[in-house]
Amino acid sequence: ARLAVAPTRALHVRGGFSAPASIAQAYMRALSTAPVATNCATAAVRSMSSDRVAQSLGPSAGRWDAERTAWMAVWGAVVSGLALGRWFAFLAWLFPRAATDVSQLAGKVFVNQLVLSPGINGAFFAWVIFTRDAPTCRMPPAKREALARKLRDDLPPTMLRSCCFWIVVQTANFRCVPPSWTVVFSNVAFVVWNSYLSLVGHRRSRLQVARSA
């Protein structure tokens, strides 16, 4: 009787975790068979979550701007999902021994920060002005002037904070995380970073851009 009870309890315990385990296994299969699509979808969801957090912390915390979140999903899928995967593949080719060689690891982290800090942060500010300020999805002279001020005022302090955060994150990422999971690991960290970046990026400019074409 005792022998019969023990397996039943073991099956019950295992059964309690079957759903999360199945979800994790399905995600790993998707990451293996369709890495680009999976990373893009993951990044889109992560960007939406980050923006939702940022909106809850912003001055209009009581209202949810669904259009803004949708544009953030597009940004996440294209930049954090597609482009970041290509960039990490290039870095893996450039520094093939970064996981075991300290000098290659330092070089990989340095090159990554040198390119991505001004590139992604500056592009994010441009994306926000392009998609959110009127006239939307156009860049007339007034919006270009607003972007120039945004880059001058907010990009340098954002890059400084980016170095403090991402050097630590990507050192751990490039050293300890398997190559197929580096984008996923970065996207988890992006939840924190993009919440901050979204707050800074969507901060209203003093310049009121005309709504006319």
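The values are calculated or read from the model by the stated rules, or taken from the named source; none is laboratory data. This is a predicted model, so every value here is computed, not measured. Every residue, glycine as well, gets a Cβ built from its backbone with ideal geometry; the counts of neighbours run over all protein chains shown. These area figures cover heavy atoms from the full protein model, side chains too; ligands, DNA and RNA do not enter into them. Shrake-Rupley method; radii C 1.70, N 1.55, O 1.52, S 1.80 Å.
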Legend entry - Extreme residue, surrounded by the fewest Cβ atoms within 10 Å (Cβ to Cβ), among residues of segment 44-94 that are among the aromatic types (Phe, Trp, Tyr) and farther than 16 Å from Val183 by Cβ: Trp64
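At pLDDT 90 or above and either open to solvent by 60 Å² or more (accessible area, probe 1.4 Å) or touching a Phe, Trp or Tyr at 6+ places or on another chain (Cβ under 8 Å) (or both), is that true of Cys163?
no
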Legend entry - Members of segment 141-164 found to be without any contact (Cβ under 8 Å) to a residue 40 or more places away in the chain and not acidic (Asp, Glu), listed by number: Pro141, Arg144, Leu147, Ala148, Leu151, Arg152, Leu155, Pro156, Pro157, Leu160, Arg161, Cys164
Legend entry - Failed condition for Arg206, given (1) over 28 Å from Ala89 (Cα atoms); (2) at pLDDT 90 or above: (2)
Legend entry - Number of the exception - Ala98 against (1) in contact with a Leu (Cβ under 6 Å, 6 or more places away or on another chain); (2) of a type in the set (Gly, Ala, Ser); (3) under 21 Å from Arg132 (Cβ atoms): (3)
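Looking for whichever is over 25 Å from Cys137 (Cβ atoms) and modelled with pLDDT of 85 or more here; the options are Trp71, Trp87. Which one fits?
Trp87
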Legend entry - Qualifying position, being surrounded by 14 or more Cβ atoms within 10 Å (Cβ to Cβ), touching a Phe, Trp or Tyr at 6+ places or on another chain (Cβ under 9 Å), over 21 Å from Ala83 (Cα atoms) and of a type in the set (A, V, I, L, M), among Leu147, Leu155: Leu147
Legend entry - Residues of segment 95-121 classified as open to solvent by 70 Å² or more (accessible area, probe 1.4 Å) and within 17 Å of Trp166 (Cα to Cα), total: 2
Inset, instruction - Go through Phe124, Phe130 for me and flag whichever is under 24 Å from Thr69 (Cα atoms), in contact with a Lys or Arg (Cβ under 8 Å, 6 or more places away or on another chain) and surrounded by 15 or more Cβ atoms within 10 Å (Cβ to Cβ). - result: Phe130
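For every residue, the table says whether it meets (1) open to solvent by 60 Å² or more (accessible area, probe 1.4 Å); (2) at pLDDT 50 or above.
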{"position": "Ala1", "(1), (2)": "yes, no"}
{"position": "Ala4", "(1), (2)": "yes, no"}
{"position": "Thr8", "(1), (2)": "yes, no"}
{"position": "Leu11", "(1), (2)": "yes, no"}
{"position": "Ser22", "(1), (2)": "yes, yes"}
{"position": "Ala26", "(1), (2)": "no, yes"}
{"position": "Arg29", "(1), (2)": "yes, yes"}
{"position": "Ala37", "(1), (2)": "yes, yes"}
{"position": "Cys40", "(1), (2)": "no, yes"}
